[in-house]
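The values are calculated or read from the model by the stated rules, or taken from the named source; none is laboratory data. Just so it is clear, the model here is predicted, and its values are computed rather than measured. Here Cβ is always computed from backbone atoms with ideal geometry, including for glycine, and neighbour counts include all displayed protein chains. Just the protein is used for accessible areas: all its heavy atoms, side chains included, with ligands, DNA and RNA removed. Shrake-Rupley method; radii C 1.70, N 1.55, O 1.52, S 1.80 Å.
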Amino acid sequence: TSALEALEADNAIRAIVITGNEKAFAAGADISEVHALDFSRAYRERFISANWETVTRCRKPVIAAVAGLALGGGCELAMMCD
């Protein structure tokens, strides 16, 4: 979140590109964190949306440069990008 906010505030930056590596764009959530949550608690505590909504509110173009796998939350992140 803070990285996107800093990039958004920098007038020299015209677009933001999010990348992974050649094996995976993003593997998704850490299963050890998700395992203890039921749907109700995850929703109340904004487990997924608390930080990720920053991508959708960003006024600069956010590009997902997907190479390799985009699993779970990684796929969601890619879909949130422009």
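In table form, for the structure just shown:
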item: Number of the condition not met by residue 31 [criteria: (1) out of contact with any strand residue (DSSP E or B) (no Cβ under 7 Å at 6 or more places or on another chain); (2) modelled with pLDDT of 80 or more]; result: (2)
item: Residues (hydrophobic (A, V, I, L, M, F, W, C) and exposed (fewer than 14 other Cβ atoms within 10 Å of the Cβ)) located in the range 64-82; result: 65, 67, 79
item: Inter-residue pairs, beta-carbon under 7 Å, first over 17 Å from residue 47 (Cβ atoms) and in the range 69-82, second of a type in the set (Phe, Trp, Tyr) and open to solvent by less than 50 Å² (accessible area, probe 1.4 Å), 6+ apart; result: 69/25; 70/25; 78/25
item: Selection status of residue 21, under 19 Å from residue 78 (Cβ atoms) and of a type outside the set (Lys, Arg); result: yes
item: Residue in the range 35-46 that is touching a residue at least 12 places away in the same chain (Cβ under 8 Å) and either over 27 Å from residue 67 (Cβ atoms) or out of contact with any Leu (no Cβ under 9 Å at 6 or more places or on another chain) (or both) present; result: no
